[in-house]
Structure formats: C-alpha cells, structure tokens
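Each value in this text was obtained by applying a stated rule to the coordinates, not by laboratory testing. All values reported here derive from a predicted model rather than from experimental measurement. No Cβ is skipped: glycine too gets one built from the backbone with ideal geometry, and neighbour counts run over all protein chains shown.
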Amino acid sequence: MAELLSDDEIEAQLPSDWDRVDDEIVRVYEFEDYLKGVAFATELGELAEEEFHHPTIEIRYKEVEVRFTSHEEGGITDADVEMAELADDIR
C-alpha cells in the first residue's frame, strides 16, 4: 500500500499545470479539436491500464480533464504524481 503524501510533499512534487483539488490532482488539457482530445484520452487510458492506476477522464469539446487520486489510500500518493508526469509526456 502506498503512503499518502503530506500537503508539503504534494505542493513540492505537483507537476506544473496540475492543481490540487481536495484529495485529487487535476489538469485540463486543451486540443485543437474533439478527436485529438479523444485520441489523447485513449492513449492515457492504455497507459493507465499498463500501470494499473486509473484516472477519471472527462472529454469535452477541445478539452480533456484528467484527475488522479489513490482511492484505496484515500488521497494523493507518489503514484498519482508519477501518472501525472506520464500523462504530460504523452501530451
């Protein structure tokens, strides 16, 4: 079981363009059109399956919102930060 990060650790480790909202880290990615956002969400979903750490993904017109949290631990862990970095890498 992963350890929850402290508030200070979250602030120090949170990748740029990500925000903390309660017990989740959140980013909204912008795209030129809807299908590019869908393609990103699909690629992120495949990565999440490989890593067995699944985000909440909301696809909107020209935007995709991604949220990570570690449900079993009840908050934000290193796994969430690592997945946020991987999501940024595929963007």
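Table for the structure above
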read-out: Spin-label model distance (nm) - LYS36 vs ALA12, 7 Å beyond Cα toward Cβ; value: 3.7
read-out: Correct option for P(r) over Cα pairs in 5 Å bins from 0, in percent [calculated from the coordinates] among (i) 3, 15, 27, 24, 18, 9, 4, 1; (ii) 3, 11, 13, 16, 20, 16, 10, 6, 3, 1, 0; (iii) 3, 16, 30, 27, 16, 7, 2, 0; value: (i)
read-out: Estimated [θ] at 222 nm from DSSP helical runs (n ≥ 4, -39500 (n - 2.57)) normalised by residues in the chain, nearest 500; value: -13000 deg cm²/dmol
read-out: Cα Rg, Dmax, region 22-69, angstrom units; value: 10.7, 30
read-out: Three-way shape label, region 41-91, alpha-carbon gyration tensor, a/c 1.5; value: prolate
